[in-house]
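Chemist: Below you will find the structure I want to go over with you.
The values are calculated or read from the model by the stated rules, or taken from the named source; none is laboratory data. Everything quoted here is computed from the prediction, not taken from an experiment. Note that each Cβ is placed from the backbone with ideal geometry, even for glycine, and that neighbours are counted across all protein chains shown. Quick note on the areas: whole protein, heavy atoms, side chains included, nothing else; ligands and nucleic acids left out. Shrake-Rupley method; radii C 1.70, N 1.55, O 1.52, S 1.80 Å.
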Amino acid sequence: PFLHFDNDPYPVVHEGRIVWIVDAYTTTDKYPYAQRADVSDLPNGSGLDHRFNYVRNSVKGVVDAYDGTVDFYVIDEEDPIVNAYRSAFPELFDDFADMPDNLKAHLRYPEELFRVQTNMWARYHLTAAQDFYNNNDAWEVSADPGTEGAQGQTQTTDAQTGEVTSTRAARIDPYYLQIELPGTDELDFVLTRPFAPFSDSGGRPQLTALMTASSDPGTYGQLRVLEMPPGNLPDGPTAIEGTITNDEAASSLETLLGGGGSKVLQGNLIAIPVDNSLVWVRPFYVESDQTQIPELERVIAVFENQVAVEDTLEEALAALFGEAPEIDEVVVDPGDPDQPDEPIVVETDNEKLTRLLNEAAALFAEADAALAEGDLGVFQSKTEAARKLIDEAAAILGAEPATTPSDDPAAPTDDPTPTTESTTTTTEPDSA
């Protein structure tokens with residue numbers, strides 16, 4: 001009765017059995033000089049849907065799906081509340097060090113805690129007292145462009161009493177991504193949520209920042225804030241949704257795909273940082289009345305004011321940039337259950353550059369040997385293959401390619417141009 005539970009437990013396969021992991025919180029409303037938490041957008045059934053001004057995700061509960069055995073692992077040994085209960089019930093809790101490594105690898109940062117933290121950080125990122133009390137440069141979680149009234153507040157008038165009530169637009173939900181964050185060279189499994197400038201109407205379309213929470217074992221609980229340049233804020237979710245709506249191919253998708261007893265479902269509008277730019281992606285699913293299983297039918301990708309609608313994400317990126325960006329190969333060793341998601345081989349830009357140049361040199365040597373033997377056909381094919389590798393290397397260095405458009409008609413003509421800068425802020429994990 002002293003732990004509050006998340007409403008979204010998730011299953012994990014552990015040692016041939018299914019176990020459920022559930023996040024447990026400690027809270028109090030008596031923490032000195034602390035503001036009451038904003039719980040306005042928690043889902044129904046959330047254990048955090050009550051009054052508090054202190055919260056920690058101190059415990060991970062593990063429930064065996066076959067026999068109901070429950071283990072409580074304390075992951076935050078600095079929390080005085082859970083330590084008090086450990087003193088009262090020493091047999092109830094286990095140390096986090098005793099949790100099997102396979103389960104540690106599957107822990108994810110809880111969405112409900114992240115909702116509370118992002119709601120509070122929208123204002124508490126301000127450090128100057130005058131700015132704080134005047135709401136100068138205050139943020140708010142971006143409005144969800146997939147809901148009615150996302151551009152701001154909607155007002156309704158009671159026909160009998162004439163009373164006018166305002167309904168604030170729903171905020172965009174947090175979503176999990178596996179991405180390479182700016183300043184890193186490894187994939188990270190994160191929970192993320194975007195911010196917009198605060199306004200009384202709730203309809204500002206710009207993007208001020210993205211907050212991410214890491215779920216990877218080495219950086220679990222680390223919160224990062226990617227801030228946009230204040231003088232040049234890029235478009236946020238509601239503005240991007242407007243760009244999609246104004247695109248003829250994208251706006252006709254619901255009519256095109258929704259016939260014959262099928263229903264169109266829009267996926268999350270996802271912001272993906274790429275270097276100093278942002279690419280927005282939204283998947284479209286179709287669910288038939290017979291199967292009621294959503295199937296991916298189209299992917300919309302947006303970069304600046306360009307919109308691409310294709311069957312797959314790779315094709316959408318190729319339509320925007322001329323070719324799909326290179327995706328580094330990640331090889332996972334299936335024989336290591338303790339580290340199932342750890343990348344074993346990741347090719348960095350420098351490694352790729354070295355490989356391309358070595359392969360090009362080998363092809364030029366083969367071309368010279370063919371020329372010495374009088375085989376002009378092999379000489380030409382080897383030379384062209386080597387030049388393409390040189391072009392790839394030049395692209396990594398930002399140099400002009402060796403081939404001209406007339407030499408290589410398939411070469412991309414448009415490259416993404418960085419439009420935003422980002423700074424990162426790291427905050428203490430698991431607290432609000």
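Chemist: Could you list, in sequence order, all residues of region 30-68 that are among the acidic types (D, E), open to solvent by 70 Å² or more (accessible area, probe 1.4 Å) and over 28 Å from the mean Cα position of the chain (by Cα)?
Modeler: Of everything in region 30-68, just one residue is among the acidic types (D, E), open to solvent by 70 Å² or more (accessible area, probe 1.4 Å) and over 28 Å from the mean Cα position of the chain (by Cα), namely D67.
Chemist: Shifting gears a bit: Just checking, does region 82-98 include any residue being modelled with pLDDT of 95 or more, open to solvent by less than 60 Å² (accessible area, probe 1.4 Å) and under 21 Å from S214 (Cα atoms)?
Modeler: Checking region 82-98: not a single residue is modelled with pLDDT of 95 or more, open to solvent by less than 60 Å² (accessible area, probe 1.4 Å) and under 21 Å from S214 (Cα atoms).
Chemist: Of all residues in region 370-389, which are part of a helix (DSSP H, G or I) and loosely packed, with under 13 Cβ neighbours inside 10 Å?
Modeler: A372, L376, G377
Chemist: Continuing with this model, one more query. Of the residues that make up region 79-102, is at least one under 30 Å from T192 (Cβ atoms) and touching a His at 6+ places or on another chain (Cβ under 8 Å)?
Modeler: Looking through region 79-102, at least one residue is under 30 Å from T192 (Cβ atoms) and touching a His at 6+ places or on another chain (Cβ under 8 Å).
Chemist: Kindly indicate the residue of region 292-308 that is closer than 28 Å to T184 by Cα and either touching a His at 6+ places or on another chain (Cβ under 7 Å) or not hydrophobic (A, V, I, L, M, F, W, C) (or both) and also surrounded by the most Cβ atoms within 10 Å (Cβ to Cβ) among those meeting that condition.
Modeler: Filtering region 292-308 down to residues closer than 28 Å to T184 by Cα leaves 299-308.
Still in the running and either touching a His at 6+ places or on another chain (Cβ under 7 Å) or not hydrophobic (A, V, I, L, M, F, W, C) (or both): 304-306.
On the way: E304: 16, N305: 9, Q306: 14.
Going through the qualifying residues, I end up with E304.
Chemist: Residue under question is V22, and the condition is that it be over 16 Å from N57 (Cα atoms), modelled with pLDDT of 95 or more and under 27 Å from the mean Cα position of the chain (by Cα); does it hold?
Modeler: no
Chemist: Something else now. Taking region 86-129 as the region of interest, how many residues are under 30 Å from S142 (Cα atoms) and in contact with a Lys or Arg (Cβ under 6 Å, 6 or more places away or on another chain)?
Modeler: The qualifying residues number 1.
Chemist: Can we say P283 is touching a Ser or Thr at 6+ places or on another chain (Cβ under 6 Å), open to solvent by less than 30 Å² (accessible area, probe 1.4 Å) and not aromatic (F, W, Y)? Full working, then the answer.
Modeler: Working: touching a Ser or Thr at 6+ places or on another chain (Cβ under 6 Å): no; open to solvent by less than 30 Å² (accessible area, probe 1.4 Å): yes; not aromatic (F, W, Y): yes.
Spelling it out, it is not the case that P283 is touching a Ser or Thr at 6+ places or on another chain (Cβ under 6 Å), open to solvent by less than 30 Å² (accessible area, probe 1.4 Å) and not aromatic (F, W, Y).
Chemist: Please give the number of the condition D289 fails out of (1) surrounded by fewer than 20 Cβ atoms within 10 Å (Cβ to Cβ); (2) under 24 Å from P182 (Cβ atoms); (3) among the charged types (D, E, K, R).
Modeler: Tallying (1) surrounded by fewer than 20 Cβ atoms within 10 Å (Cβ to Cβ); (2) under 24 Å from P182 (Cβ atoms); (3) among the charged types (D, E, K, R), D289 fails exactly one: (2).
Chemist: List pairs: first residue in region 287-313 and under 16 Å from T255 (Cα atoms), second residue polar (S, T, N, Q) and in a strand (DSSP E or B) anywhere in the structure, Cβ distance under 8 angstrom, at least six positions apart or on different chains.
Modeler: Sorted first by the residue in region 287-313, then by its partner, the pairs are E287/S262; S288/S262.
Chemist: Take region 250-294 and flag every residue that is at pLDDT 90 or above and farther than 26 Å from S142 by Cβ.
Modeler: V286
Chemist: Right, next: Limited to region 180-209, what total is found for residues that are part of a strand (DSSP E or B) and touching a Lys or Arg at 6+ places or on another chain (Cβ under 7 Å)? Can you show your working first?
Modeler: Taking region 180-209 first, the residues part of a strand (DSSP E or B) are 188-197, 206, 209.
Cutting the leftovers down to touching a Lys or Arg at 6+ places or on another chain (Cβ under 7 Å) gives us 196-197.
Result for region 180-209: 2.
Chemist: Same structure, new question: Only residues in region 354-367 that are assigned to a helix (DSSP H, G or I) count as the first member; pair them with residues that are polar (S, T, N, Q), Cβ under 7 angstrom, at least 6 apart or cross-chain, and list the lot.
Modeler: A367/T383
Chemist: Then there is this: Contact list please: Cβ distance under 7 Å, first residue in region 41-69 and under 17 Å from L3 (Cβ atoms), second residue part of a loop (DSSP other than H, G, I, E, B) and among the aromatic types (F, W, Y), pairs at least six apart or on different chains.
Modeler: Matching pairs, first to second residue: Y54/Y31.
Chemist: Can you name the condition, by its number, that A362 falls short on among (1) more than 25 Å from the chain's Cα centre (by Cα); (2) modelled with pLDDT of 85 or more; (3) open to solvent by 60 Å² or more (accessible area, probe 1.4 Å)?
Modeler: With respect to (1) more than 25 Å from the chain's Cα centre (by Cα); (2) modelled with pLDDT of 85 or more; (3) open to solvent by 60 Å² or more (accessible area, probe 1.4 Å), A362 is out only on (3).
Chemist: While we're here: Give me the residue from region 161-179 that is at pLDDT 90 or above and of a type in the set (A, V, I, L, M, F, W, C) and, out of that set, least open to solvent (accessible area, probe 1.4 Å).
Modeler: Across region 161-179, the extreme among qualifying residues is I172.
Chemist: Another one. Mind checking which residues of region 69-81 are over 17 Å from T27 (Cβ atoms) and either of a type in the set (V, I, T) or open to solvent by 40 Å² or more (accessible area, probe 1.4 Å) (or both)?
Modeler: Listed by number, the residues that qualify are T69, V70, D71, E77.
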